[in-house]
Amino acid sequence: MVSAYGRRFYATKPELAAHRIEAIGYQVGHQLIERYTMERPRFNDHLEVIKFICKDFWQELFKKQIDNLKTNHKGTFVLQDNNFRWLTRISIDPSSDNNDGSQGSSSEATNLLLYFPCGIIRGALSNLGIPCAVSADSSNLPFCSFMVRIKA
Amino acid sequence: MIASVAVVGHQNNPLYLQSFTNANDALKLHHIVHCSLDVIDERVNNPKRSVSTLNESYLGLLYPTESYKVYGYLSNTKAKFLVVTTDLDVKDADIRSFFRRFHAAYVDAVSNPFHVPEKKIVSRTFAQRVSGIVKAFAAGTNG
């Protein structure tokens, strides 16, 4: 799906493709969270919501939990996954070790792929009443970290 | 006898209203549902001495008026489910199981990719499922 959006639909405008993929992820997260929080009692504060995302939600989606959660207690959380399931089979092009920082097209493809889980997290949190911005960082595959900034 | 059911979104916008009595009192049902929203807000925003109610999704009897009772249920995503019933004695367990089935039907309706969030639910399957749940509830309390 991501390659269809990246190459065919918005081939000349990668920012629009990224935006669209993130929006799809937003809707998916929005609808999934309703299903997964059905049996649970209500949450008390933001930290509980983030912990739910790290444990139960991630477990349902990726069959494992988030490995590391950091926060600065001021509305920013970093979720670290040591072996992100969707990126374990990405091939890293060894011939693109240029020192101009472009790293070939593999990192662009990875970035496009990462917009989808960012959208899922953002949709899940906003349906629980927490508007936020999510960004992903994958400088060291398959280790991946998502930074969640809560807009207060 | 369940008179009507309603689903209200997290910005208090109505998502689904259905009445099961024969009279044309849709307006009265809208009014009842609207008033119940205030009671829900008051229960949720005002942490009373019983702190356990904060964690419960099922809010219980909201208020009894002259001929009917209104029960409320709040999901984690702030979707409110309301049931107006004209029964005099309804067992708590029955209403809880009703809300559980109602919530399951709602989740399935919202998971429809063609459903626009925060707009009214137009799915016929959802309407049929809700009617089935209401009929089963009525049969359960009578029989």
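The values are calculated or read from the model by the stated rules, or taken from the named source; none is laboratory data. Here the structure is a predicted model, which means the values were calculated and not measured. Virtual Cβ from ideal backbone geometry, glycine too; neighbours counted across all protein chains shown. Surface accessibility is based on the protein's heavy atoms, side chains included, excluding ligands, DNA and RNA. Shrake-Rupley method; radii C 1.70, N 1.55, O 1.52, S 1.80 Å.
Some observations on this one:
- Selection from the stretch A:65-78 of residues that are more than 19 Å from residue A:119 (Cα to Cα) and open to solvent by less than 70 Å² (accessible area, probe 1.4 Å): A:68, A:71
- Any hit, the stretch A:77-86, residues being in a loop (DSSP other than H, G, I, E, B) and of a type in the set (Lys, Arg): no
- Residue check, residue A:107 at pLDDT below 85 and exposed (fewer than 14 other Cβ atoms within 10 Å of the Cβ): no
- The stretch A:42-59: number of residues that are of a type in the set (D, E, K, R) and at the interface with chain B (Cβ under 8 Å from one of its Cβ atoms): 1
- The residue list B:16, B:71 contains one member that is in a strand (DSSP E or B), in contact with a strand residue (DSSP E or B) (Cβ under 6 Å, 6 or more places away or on another chain), at pLDDT 75 or above and under 19 Å from residue A:39 (Cα atoms), which is B:71.
- Condition check for residue A:125: modelled with pLDDT under 85 and touching a Pro at 6+ places or on another chain (Cβ under 8 Å): no
- Residue A:9 falls short on exactly one of the conditions (1) at pLDDT 75 or above; (2) surrounded by fewer than 16 Cβ atoms within 10 Å (Cβ to Cβ), and that condition is (1).
- Any pair with Cβ under 9 angstrom, 6 or more apart, that starts in the stretch A:21-41 at a residue that is more than 7 Å from chain B (Cβ to nearest Cβ) and ends at one that is surrounded by fewer than 16 Cβ atoms within 10 Å (Cβ to Cβ) and hydroxyl-bearing (Ser, Thr, Tyr): A:32/B:111
- Filtered residues of the stretch A:12-64 (kept if of a type in the set (S, T, N, Q), under 22 Å from residue B:100 (Cβ atoms) and in a helix (DSSP H, G or I)): A:31
For every residue, the table says whether it meets (1) buried (at least 19 other Cβ atoms within 10 Å of the Cβ); (2) more than 8 Å from every other protein chain (Cβ to nearest Cβ); (3) hydroxyl-bearing (Ser, Thr, Tyr); (4) part of a helix (DSSP H, G or I).
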| site | (1), (2), (3), (4) |
| --- | --- |
| B:95 | yes, yes, no, yes |
| B:98 | yes, yes, no, yes |
| B:118 | no, yes, no, no |
| B:127 | no, yes, no, yes |
